[in-house]
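Below you'll find the structure, written out as structure tokens, and then a few comments.
Laboratory data are not the source of any read-out in this text; all were calculated from the coordinates shown. The structure presented is a predicted model; accordingly, all values stated were derived computationally and were not measured. We place every Cβ from the backbone using ideal geometry, glycine too, and count neighbours over all the protein chains shown.
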Amino acid sequence: MNNIVRDEAAGRWAWIFPGQGSQKVGMGRKMLERSSAARRVFEEASDAIGVDLARLCLEGPAETLMATENAQPAIVTVSAACLAELEERGLAPPVVAGHSVGEFSALVAARCLPLAAAVRAVRKRGQLMASVRAPGGMLAVMGLDGARVAELCREAARDGVVVVAIHNSPQQFVLSGDLGALERFKDVATSAGAKECVMLEVSHAFHSPLMGQIHEEWRAVVASLQLRMPRCPVFLNTTAKTVKTLVCIRQSLLVQITAPILWMQCVQGLVELGVTRVLEVGDSKVVSSLARRSVPTLQTLTFQEPTVLNQLGGADTSRATPV
């Protein structure tokens with residue numbers, strides 16, 4: 001009881017899950033070394049898609065791991081391995097959110113979707129995304145607010161498609177679109193006072209209308225998923241709202257390939273639920289760092305910290321604020 005009282009005073013937890021861009025050779029090593037439950041997760045996921053994910057994560061090569069069709073199932077598997085360690089400790093998610101493909105990890109955590117089905121789906125998602133013929137790219141812009149970014153997008157759109165693809169934080173956005181339009185945006189944003197504009201090392205304009213070619217094939221994959229209602233609140237990327245029905249889960253997963261990721265708004269929604277602390281469930285610090293940029297008062301914990309499981313041992317992270 002004392003632990004619960006202390007945790008109540010300190011604030012509520014959310015578990016958040018990283019997306020593509022967090023992958024790196026060596027990820028998952030600590031989980032594989034210390035947890036039999038984590039090793040079973042890797043085995044189940046590997047069997048589901050016919051890829052040795054433990055070897056891929058630990059040994060690469062980097063070019064193979066970075067490929068979209070490999071990175072996505074690898075990221076979900078590592079997050080699921082972390083989740084297995086938490087559940088070994090008797091911990092359950094209080095409220096969850098995942099960044100882009102991390103939404104699948106969040107759905108696994110909430111028991112909406114079995115791991116094997118999630119890994120197969122994101123493997124197919126990555127293959128479809130990589131198959132898009134329309135050329136394009138992505139550009140990260142730092143130091144401008146959302147209204148200014150949207151205004152400059154409209155100006156740059158004279159040279160082609162350019163949209164805000166990811167709302168990471170109040171001062172960091174990622175754009176997707178035609179390469180010419182992105183270069184145009186880079187020029188006008190730099191003149192407007194952007195601190196930095198960086199082209200990302202991606203092959204396509206993810207989360208933009210240029211991904212529309214795969215919409216119907218992806219619709220069939222999403223329609224085939226056997227979903228269940230979540231055991232805890234789940235914030236969805238495309239609405240920044242919690243799940244109310246299975247229909248809204250399917251809709252978010254479907255439109256995510258062409259619609260923006262509202263990560264900043266998801267974090268703000270977590271805070272409105274009373275969340276003051278977030279745990280990044282994966283071998284990454286990316287989304288917890290972004291969360292803190294959106295809400296500087298948030299306390300963060302990640303699996304990259306050596307004592308993470310001990311730090312969680314005395315906390316009651318299993319309680320969710322009613323939605």
Fewest to most neighbouring Cβ within 10 Å: what's the order for His167, His215, His207, His99? His215, His167, His207, His99
Once the in-chain neighbours fewer than 8 apart are removed, the aspartates and glutamates whose Cα is under 13 Å from Lys24 read Glu59, Glu63, Asp283
Report, in degrees rounded to the nearest 10, the 0 to 90 angle that the Cα long axis of helix 146-156 makes with the longest principal axis of the chain. 40
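Do the sum for the chain: with -39,500 (n - 2.57) for every DSSP H run of n ≥ 4, divided by all residues, what is the mean residue ellipticity at 222 nm, to the nearest 500 deg cm²/dmol?
Details: 15 runs with 156 residues, N = 323.
The per-residue figure over the chain is -14500 deg cm²/dmol.
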Mind checking the angle between helix 263-272 and the chain's longest principal axis? C-alpha axes, 0 to 90 degrees, to the nearest 10. 40
Taking 0.36 nm per residue of separation and subtracting the Cα-Cα distance, what length does fully extending Val198 through Glu305 add? 35.7 nm
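What does the C-alpha gyration tensor say about the overall shape of the range 32-184? Classify as rounded when a/c is under 1.5, otherwise prolate if a/b is larger than b/c, or oblate. Intermediate values should be presented prior to the final figure.
Working: a/c = 2.75, a/b = 1.81, b/c = 1.52.
It is prolate, given that a/c is not under 1.5 and a/b is the larger ratio.
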Most fluctuating residue of Gly269, Gly50, Gly212 in a GNM of the chain with Cα springs under 10 Å: which is it? Gly50
Magnitude of the Cβ-charge dipole (Lys and Arg +1, Asp and Glu -1) of the range 137-203 about the Cα centre, nearest 20 debye, reported as 120
Say a paramagnetic label sat at a point 7 Å from the Cα of Glu217, along Cα to Cβ; which residues of the range 113-133 have their backbone N under 15 Å from it? 121-133
When we measure straight from the Cα of Lys30, which lysines land under 22 angstrom away, once same-chain ones fewer than 8 places off are left out? Lys285
Using a Förster distance of 25 angstrom, determine the FRET efficiency expected from the C-beta separation of Cys248 and Ala116, and round it to 0.05. 0.60
Which of the three applies to the range 137-203, rounded, prolate or oblate, going by the alpha-carbon gyration tensor with a ≥ b ≥ c and a/c under 1.5 meaning rounded? rounded
Residues with amide H under 5 Å of Gln20's amide H, sequence separation 5 or more or different chain, H placed in the peptide plane at 1.01 Å from N; which? Val101, Gly102
What do you get for GluC sites (Glu not before Pro) in the range 142-228 restricted to DSSP loop and a cutoff of at most 14 other Cβ within 10 Å of the site's Cβ? Glu201
Final fewest-first order of Val308, Val25, Val198, Val108 on the 10 Å Cβ neighbour count is Val198, Val25, Val308, Val108
Give me Glu69, Glu44, Glu59 ranked fewest to most by other Cβ atoms within 10 Å of their Cβ, as a rough exposure proxy. Glu59, Glu44, Glu69
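Find, among the trypsin sites (Lys or Arg not before Pro) in the range 126-224, those assigned to loop by DSSP (not H, G, I, E, B) with at most 15 other beta-carbon atoms within 10 angstrom. Intermediate results must be reported in sequence, preceding the final value.
Numbers: sites: Arg133, Arg148, Arg154, Arg158, Arg184, Lys186, Lys195, Arg219; in loops: Arg133, Lys195.
For trypsin sites (Lys or Arg not before Pro) across the range 126-224 that sit outside H, G, I, E and B with at most 15 neighbouring Cβ atoms in 10 Å, the list reads Arg133, Lys195.
Give me the dipole magnitude in Debye, nearest 20, for the chain about the Cα centre, with unit charges on the beta carbon: positive for Lys and Arg, negative for Asp and Glu. All intermediate terms of the calculation are to be shown ahead of the outcome.
Values: 33 positive and 30 negative charges, 121 e Å.
Charge dipole, the chain, about its Cα centre: 580 debye, nearest 20.
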Rounded to 10°, Cα long-axis angle of helix 68-88 versus longest principal axis of the chain: 20
One would report the antiparallel percent of DSSP beta bridges in the chain, rounded to the nearest 5, as 55
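Which FRET efficiency value, to the nearest 0.05, do you get for Ser224 and Glu43 by plugging their Cβ-Cβ distance into 1/(1 + (r/R0)^6) with R0 = 22 Å?
On the way: r = 24 Å, r/R0 = 1.07.
Once the sixth-power term is evaluated, E becomes 0.40.
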If you average the C-alpha positions of the range 222-298 and of the range 170-203 separately, how far apart do those two centres end up, in angstrom? 25
Label Arg293 and Ser36 with points 7 Å out from Cα along Cα→Cβ: what is the distance between them in nm? 4.2
How big is the gap, in Å, between the Cα center of the range 63-97 and the Cα center of the range 27-57? 10
Pick the calculated volume of the Cα convex hull per residue in Å³ for this structure from [x] 122; [y] 143; [z] 243? [x]
